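Nothing in this text is a laboratory measurement; each read-out follows from the coordinates by a stated rule. Quick caveat: nothing in here was measured; it's all calculated off a predicted structure. Note that we place each Cβ from the backbone using ideal geometry, even for glycine, and neighbour counts take in every protein chain shown.
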Ligand code: SF4
C-alpha cells in the first residue's frame, strides 16, 4: 500500500468513527475506496448520500435515480469512475422526521467540511466540480468565494489553487431547474476543460473501449437467462481472462470488491434494463434475481448487430460461459475468489486485518481494448 492509500484509509477510519452530527446516527459513513481514483485530476462533490443510493450501496452516487443520472452524464462526457474522484459535502445521509432524504443543514455542512478539506488536500485534484448549491456552499466554508450556482453554473473559477466549476445536482428535483440536455452540455464542458489542462490524458478510456452493455448483450445471445449475481461474476471473469490473454481489459468498467465478490457498477439493474430493453427481471428470492430475455423479436435492434465485436473476443466470452455459465452462485463465487486479483485483495485483508469492501479491483493493466 502506498502512502496516499494509507493516509486515505486512515481518513476513512476517522470518518467511520465520527459522531459529530446527531441526525446521522444510523446512517452509513460513505467514504471508502469506491470513491474512484485517488490520483484523479477531477473531483466531483455531491450534496449527501441518498437513502436509496449511497447510504444503501456504500458507493457514492450509485443505486438511486441521482446515481443513475450521474452515471449517464459522466459516461456521456467520456469520463468514468476509474479516472475521477466522487464524494459528498456531508458523508452521511441526513433524514427528516419521516425517514426520508433531507438537506444537510449549515451545522452539518460545517462539521463535515473538515473531512472534505482533508480529501481535497490528499487527492489534490486540479478541477473540483460541485453538484448543487449545498456542495458549492461547502466549498465556501473551506475557503471563501462569492460563487452563486444560478449565476456561475458551467464556469471555470480559480479557487483554493485549483479550478472550481459549479454545476447543478443530477437529482430529479434539480432537473426542473436544469434539464438533462443542459446538464449533458455541462458535463461536456467539464470534460473539455479537463482535456485542455491535460494535453496527455493518462486514461482516455471513455468511448474508445468496448461498451459494457455490448458484452452483456452478447452473453444473452449465448444463453437466455442468468442470475444477476452470475452476470457480475461472469463479467469480471471475462475481464480477467482478457487481461490474461490479451494484456488489457475489454471495457473501462469499474469493478469493486463487495462482500460476495466482484461487483460491476456499470451493471446495476436500472442501467442494464435501459441498455437492453428486452431483459425481464424476476425475483427468485429476496437476494436472488433472475434476468432473462423475452422471446426473440424480429424487429428488435440488438447491440451486437449494431456494433462490431471482434471474433477473438467472442471466442473468449464463449469460453467463459462454457466454463462458468452453468455454475451455481456458490460455485461461481469460489471461482472468482481463486483469481489472482481477488487473491491479492484477500491477502491484503488478511495481512492488514482490514476489509476492503468497495475497493476497486486492480487488474494491473495500462490500457483498455481500442476499437
Ligand atoms: S456528516 Fe460528516 S461530520 Fe457529520 S457525522 Fe457524518 S461524517 Fe461526521
Inset, instruction - Round to the nearest 10 and give me the degree value, 0 to 90, for the angle of helix 3-16's Cα axis relative to the longest principal axis of the chain. - result: 70 degrees
Legend entry - Contact order relative to length of segment 3-197, as percent, for alpha carbon pairs under 8 angstrom and 6 or more apart: 23 percent
Inset, instruction - Could you tell me the distance between the Cα centroids of segment 299-354 and segment 217-253, to the nearest Å? - result: 5 Å
Legend entry - Per-q log10 I(q)/I(0), segment 159-199, q = 0.31, 0.33, 0.35 Å⁻¹ (Debye; single scatterer per alpha-carbon; no solvent): -1.03, -1.09, -1.15
Inset, instruction - Can you tell me the 0 to 90 degree angle between the C-alpha axis of helix 133-142 and the longest principal axis of the chain, rounded to 10? - result: 60 degrees
Inset, instruction - Please give the peptides 153-164, 115-126 ranked by average Cβ packing (other Cβ atoms within 10 Å per residue), highest first, as a rough proxy for protection. - result: 115-126, 153-164
Legend entry - Overall dimensions of segment 3-197 as given by Cα atoms, namely Rg and Dmax in Å: 15.3, 46
Legend entry - For the chain, average projected area of the Cα convex hull in nm²: 19.1 nm²
Inset, instruction - Once you have a ≥ b ≥ c as the square roots of the Cα gyration tensor eigenvalues for segment 42-95, tell me rounded if a/c is under 1.5, and otherwise prolate or oblate according to whether a/b is larger than b/c. - result: prolate
Legend entry - Area projected by the alpha carbon convex hull of segment 140-258, averaged over all directions, nm²: 11.6 nm²
Inset, instruction - Take the Cα pairs of segment 1-84, get the Kirkwood Rh, then feed it into Stokes-Einstein at 10 °C and 1.306 mPa s and tell me D in µm²/s. - result: 114 µm²/s
Legend entry - Length released on extending from residue 180 to residue 329, taking residue separation times 0.36 nm less the Cα-Cα span: 49.8 nm
Legend entry - Between segment 145-194 and segment 7-27, the Cα center-to-center distance that results, in Å: 28 Å
Legend entry - Amide N proximity, segment 128-147 versus residue 161 label position 7 Å along Cα-to-Cβ, cut-off under 16 Å: 128, 142-144
Legend entry - Mean separation of Cα contacts under 8 Å, 6 or more apart, over the residue count of the chain: relative contact order %: 17 percent
Inset, instruction - Go through 225-232, 81-88, 62-69 and give me the packing order, highest mean Cβ count within 10 Å leading. - result: 81-88, 62-69, 225-232
Inset, instruction - Let me know the volume per residue of the alpha-carbon convex hull for segment 212-352, in Å³. - result: 118 Å³
Inset, instruction - Once you have the Cα-Cα distance between residue 273 and residue 246, take 0.36 nm times their residue separation minus that, and quote the gain in nm to one decimal. - result: 6.7 nm
